[in-house]
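**Q** Below you'll find the structure I mean.
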Amino acid sequence: MSPPASTLPALADLSDRLNPLGSPFLRAPETARTIFLLVMAAAMGPLAAGLVFFGWRAVQVAALSVGACVAIEWLYYRLTRLPALMGRSHAYLTGVLLALTLPAHVPWYVPVVGAVFAILVGKAIFGGVGHFLWQPALVGRLAVAVLFAQQIANPLPQLPGAWPILAQNKIVVGDELNASYEASYRQWRRTPPAPGRDAFWLTSVQDKLAPLTRSSQGVEYSALATVPETPGAKPVMILQVPPIGDLLLGARPGGIGETCAAVIVVAGLYLVYRHYVKWQLPAAFVFSACVVAALAPIQLQGPGDTIVGAWGPPGGWLAMNWFSSAEPWTQPPLLREGLEVGFIYVCYQLLSGEFLLAAFFLATETTSRPVTTGGQILFGLGAGGAAMLMRLYVDTPIPAYIAVLLMNTFTPMIDTIWRPRVLGMRRYAWLRKTVERRA
Amino acid sequence: MCNLLCLCVALLLTGPLGVQLDSIPGCGYDLDMFFRRYGTFSGGISLPDDKHATLNASIHSIGLPARLRVPISFGSSISAQVLVNVGEAVSAGQRLVQGASPEADIFSPLGGRVSAMATAQVPTREGFVSLPAIELTALEGPWDDREPAGEKGGFNWRQADPAALRERLAQGSLPTHRMNVRPLSQWIAKAIRHGCRTLIANAMENQPYVSCDHRMLAEHGKQVLQGLAILARAIEAPEVLLAADQRRLGDYKQLLAASRHYRISPVALPHKYPIGADPILVKVLKNREMPPGGTTMQVGCAVVGPAICLAIYRWIVVGRRALGRIITLGGERAQVHGNFWVPFGTLCHDLLPGAADLIHGGPMVGLRCSLHSVVTPGTEAVLALDPTPVRLATPCMRCGWCTDHCPARLNVAALNDAFELGQTDHARRLGAVACIECGVCSYICPSCLPLSQRVKRLKRVLRGTFRRGIQLSKPEGSGP
């Protein structure tokens, strides 16, 4: 007999979960646990780069973060008597990811508090893996960015915004808080530290350009371009930004896992190769960030409060002169400077922040990103664009992370509106049917 | 979008995706067919093959079983009249059951004695269904009647009118050799009603462990092709395709001349699972998509397996009824490996004694045998697999693999949510009835959720609501 028309399917019970009866009788070898552990293994790459550039303090932060995450998750499930749904493999992964986003010079309580927020607020109150809305590690990172803004941003009170990095001959073993400020520092390679010191205090690279966009006065020339009176001179900004080699290698201040672009990309591509990450999401993220960086009007600040250059008119986006070269400084960066200088500028914006780590490791967290490929592309485009806009126009230390959290919020909506065409059905058949019914 | 891109890249890289059998060196080639290209489908997965144990094992007759349980119907209706009594002796091929229509008659596979009326469990898409059955014991041969004893059946199908051919086929009471067994004449009537212009023989057989179709083509290929040609003439389909796995082309060389003779286009396709599912095969070969919950006949493509072609050949040309079929016995736990000619009604547990857990059919879409499961025309294999490790299902972590690999492009993760929340309306909007029940989502799920069964159950509930008020004649069995 056919089941009665109003019968709802029996809800998932234990026998359904144990699945002793039905086909298929074969299983793929991967389980959730192996996936989490493998993502964690890939995240060990950026962590190793952090060990190289920030010394044993990086490992200390990572150990504190992982230990705190695992302990809190164990305690939580112990107290609430809920089964530990995923073992604790996801807590390990969350701990490692949280450590990657933190700088190595933070005091011990910062990763611990971050772990508390990551596990309790990010994960537990939603019901664990599979249910949370925001990427837990980023919830923890956002919490400590708000709670401990001073300890993280200004470890040296007399030198605001300066973060340490180990010198070339002291990597891995040095203590990065034993540092000195070198005003003449230009390049990490071949720069020796002061005698008796292990590290340099460096002003964070993103602070050189980003805050300079909040002036409304117009400027007559661009900072990237060659000054017109002296042909052959190097563009002003190119002299200011760190060498591209340092950015790729990771020899710049930043979070433990944020700096080394080369290792992040290799580890991320490994995840793509293992199909744990779809290439479309990081690609959309990076592409969207590049486009925004290439087109967004900004102004550059020189020493003090002077404005040394600008792209785009004071009126902002609406007054932008996109194609005409009548007033060249009102064009967006890439059009104004051409590919050669514009490429360096875009690379700088992309590599000097936390964009790559967010694109490959944090935006791709399985639970908090959309399910379908198209949805993931939308997610990546939104997150990358929002991250770059926030970096250019909003004074925040972690723009890419906030952008990922922002898009995480919209994930259920994206999953609802983006549906692939089902075999044998018309595209958006459900929508057509609804519209026809209404009409 | 990504799928389109992948399709373009795949086409560029692989050139003609479907390699024609004619492209084998030394077999002659037909440029026209060589350059024909076939499409692909999104999703799917590359399964381990695991056929090595039985792939090259030639077909043998199985020994005389101790008993048979012959169900008194094919599973679709039980309004039948049993013609024999308990204790009566029967001979092989004797009519045991008079069906409601002459196409549904049941014949005795072997000679023997009717010992009792019992029950047998026959597989359907919804699970095993218990049917009354006639138990035969004291069985006697001769059983090894595979080889045609000369072409003595003597029906000249080439000159016969299609209607006369259909009449003759109906007299044979052949069953369709698919999961849901029905009389072949019903199937033919449906194909004609839908005006099928294309007949596809589906020899893809891309479930692991199963190799009976391959052996059938390798050993009885010409007979299979002839049976296919007979069926094409019966349903008046001008276009006939034979889809085979491109890895096995070496064994099919002798089919080329016959296929040209019968105007059958052989097509070799890659083995990405589930290309052997009928809707997917039709999508790949004809680029037509089966309507959700429908059949491929609605888009003008009739799909059959090689087994029914062989049975048709044996009835029309040789004059023997379909009393058994070729199935694969195998699996890691099996003591017997190979491809065997087995009479219908053999109990699965008699075939592989000693194995506790038997799978009826392929490991991806098959059913777990119960004690009284019997071999029916729809049986492809009886397997004794290593038991799947029991893993506790954990909550869906939205990795999206099920959605990526679903050949019907369903958002299985969302369907799982709909199942857990009991939202059947939402499931209908997501297109749950388009599920082709291939089992890929359950296979791939890293959270070990029984996704395939959940979607199947949703589908069944939705169909129940769709067919509100219509009494189903088919008994619903104890589903998996």
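The values are calculated or read from the model by the stated rules, or taken from the named source; none is laboratory data. Values in this document were obtained by computation on a predicted structure and should not be read as measured data. Here Cβ is always computed from backbone atoms with ideal geometry, including for glycine, and neighbour counts include all displayed protein chains.
**Q** Pull up region B:277-300, narrow it to residues that are in contact (Cβ under 8 Å) with a residue 40 or more places away in the chain and small (G, A, S), then point me to the one that is nearest to the other protein chains (Cβ to nearest Cβ).
**A** Only one residue tops the list, namely B:G293.
**Q** Across region A:328-361, what is the total count of residues that are under 11 Å from the mean Cα position of the chain (by Cα) and aromatic (F, W, Y)?
**A** Of the residues in that region, 3 qualify.
**Q** Give me the residue from region B:367-396 that is surrounded by 24 or more Cβ atoms within 10 Å (Cβ to Cβ), within 9 Å of another protein chain (Cβ to nearest Cβ) and modelled with pLDDT under 90 and, out of that set, farthest from B:A307 (Cα to Cα).
**A** The extreme case among them is B:C396.
**Q** Could you tell me whether B:A80 is touching a His at 6+ places or on another chain (Cβ under 7 Å) and aliphatic (A, V, I, L, M)? Let's see the steps before the verdict.
**A** On the way: touching a His at 6+ places or on another chain (Cβ under 7 Å): no; aliphatic (A, V, I, L, M): yes.
Considered against the rule, which asks whether it is touching a His at 6+ places or on another chain (Cβ under 7 Å) and aliphatic (A, V, I, L, M), B:A80 comes out as no.
**Q** Being closer than 15 Å to B:M179 by Cβ, in contact (Cβ under 8 Å) with a residue 60 or more places away in the chain and among the charged types (D, E, K, R) narrows it down to one residue among B:R314, B:R321, B:R325; which is it? Walk me through how you get there before you give the answer.
**A** Details: B:R314 fails: closer than 15 Å to B:M179 by Cβ; B:R321 fails: closer than 15 Å to B:M179 by Cβ.
Unique residue meeting the criteria: B:R325.
**Q** B:A92: under 30 Å from B:Q335 (Cβ atoms), among the small types (G, A, S), at pLDDT below 90 and surrounded by 18 or more Cβ atoms within 10 Å (Cβ to Cβ), yes or no? Even if it seems obvious, please write down each step before you answer.
**A** Values: under 30 Å from B:Q335 (Cβ atoms): yes; among the small types (G, A, S): yes; at pLDDT below 90: yes; surrounded by 18 or more Cβ atoms within 10 Å (Cβ to Cβ): yes.
Judged against the criteria, B:A92 is a match.
**Q** Now for a different question. What are the residues in region B:301-324 that are more than 14 Å from chain A (Cβ to nearest Cβ) and not in a helix (DSSP H, G or I), if any? Give the steps one after another, and end with the answer.
**A** Taking region B:301-324 and keeping what is more than 14 Å from chain A (Cβ to nearest Cβ), we get B:302-324.
Those that are more than 14 Å from chain A (Cβ to nearest Cβ) and not in a helix (DSSP H, G or I): B:A302, B:V303, B:V304, B:G305, B:G319, B:R320, B:R321, B:A322, B:L323, B:G324.
**Q** Moving to a separate point now. Taking the stated definitions as given, is B:R457 basic (K, R) and touching a residue at least 12 places away in the same chain (Cβ under 8 Å)?
**A** Values: basic (K, R): yes; touching a residue at least 12 places away in the same chain (Cβ under 8 Å): yes.
So B:R457 passes the test.
**Q** In addition: Quick one: in region B:171-198, of everything that is under 18 Å from B:I230 (Cβ atoms) and among the aliphatic types (A, V, I, L, M), which residue is surrounded by the most Cβ atoms within 10 Å (Cβ to Cβ)?
**A** Filtering first and then ranking leaves B:L184.
**Q** Got a number for residues in region A:369-407 being within 14 Å of chain B (Cβ to nearest Cβ), buried (at least 24 other Cβ atoms within 10 Å of the Cβ) and touching a residue at least 60 places away in the same chain (Cβ under 8 Å)?
**A** 4
**Q** Those residues that are buried (at least 23 other Cβ atoms within 10 Å of the Cβ) and among the acidic types (D, E), I need them from region B:338-354; list them, please.
**A** Within region B:338-354, none qualify.
**Q** Right, here's the next one. Every residue in region B:397-421 that is under 23 Å from A:T411 (Cβ atoms), assigned to a loop (DSSP other than H, G, I, E, B) and facing another protein chain (nearest Cβ under 7 Å), please. Give the steps one after another, and end with the answer.
**A** Kept after step one, since they are under 23 Å from A:T411 (Cβ atoms), are these residues of region B:397-421: B:397-406, B:409-421.
This time we only want the ones that are assigned to a loop (DSSP other than H, G, I, E, B), so: B:397-400, B:406, B:409-411.
Result: B:M397, B:R398, B:C399, B:G400, B:R409, B:L410, B:N411.
**Q** With the condition being surrounded by 17 or more Cβ atoms within 10 Å (Cβ to Cβ) and free of Cβ contacts under 8 Å to residues at least 60 places away in the same chain, I'd like the helices (runs of 4 or more DSSP H) fully within region A:87-160 carrying at least 3 qualifying residues. Step through it out loud before you land on a result.
**A** Numbers: elements: A:89-101, A:109-116, A:136-147, A:149-153.
Ranges flagged: A:89-101, A:109-116, A:136-147.
**Q** Let me ask another. B:A356 versus (1) small (G, A, S); (2) part of a helix (DSSP H, G or I); (3) more than 9 Å from chain A (Cβ to nearest Cβ): which is the lone unmet condition?
**A** (2)
**Q** How many residues does region B:251-294 contain that are in contact with a Lys or Arg (Cβ under 8 Å, 6 or more places away or on another chain), part of a loop (DSSP other than H, G, I, E, B) and either modelled with pLDDT of 90 or more or of a type in the set (S, T, N, Q) (or both)?
**A** Within region B:251-294, residues that are in contact with a Lys or Arg (Cβ under 8 Å, 6 or more places away or on another chain), part of a loop (DSSP other than H, G, I, E, B) and either modelled with pLDDT of 90 or more or of a type in the set (S, T, N, Q) (or both) number 3.
**Q** Which ones in region A:420-439 are within 27 Å of A:S368 (Cβ to Cβ) and modelled with pLDDT of 85 or more?
**A** Matches in region A:420-439: A:P420, A:R421, A:V422.
**Q** Right, another one. Look at A:S2 and say whether it is touching a Leu at 6+ places or on another chain (Cβ under 8 Å), crowded, with 16+ Cβ neighbours inside 10 Å, at the interface with chain B (Cβ under 7 Å from one of its Cβ atoms) and at pLDDT below 50. I'd like the intermediate steps shown before the answer.
**A** Details: touching a Leu at 6+ places or on another chain (Cβ under 8 Å): yes; crowded, with 16+ Cβ neighbours inside 10 Å: yes; at the interface with chain B (Cβ under 7 Å from one of its Cβ atoms): yes; at pLDDT below 50: yes.
Spelling it out, A:S2 is indeed touching a Leu at 6+ places or on another chain (Cβ under 8 Å), crowded, with 16+ Cβ neighbours inside 10 Å, at the interface with chain B (Cβ under 7 Å from one of its Cβ atoms) and at pLDDT below 50.
**Q** Looking at region B:265-273, is at least one residue more than 26 Å from B:A381 (Cα to Cα) and either more than 14 Å from chain A (Cβ to nearest Cβ) or among the aliphatic types (A, V, I, L, M) (or both)?
**A** Kept after step one, since they are more than 26 Å from B:A381 (Cα to Cα), are these residues of region B:265-273: B:265.
Now narrow it down to the ones that are either more than 14 Å from chain A (Cβ to nearest Cβ) or among the aliphatic types (A, V, I, L, M) (or both): B:265.
Checking region B:265-273: at least one residue is more than 26 Å from B:A381 (Cα to Cα) and either more than 14 Å from chain A (Cβ to nearest Cβ) or among the aliphatic types (A, V, I, L, M) (or both).
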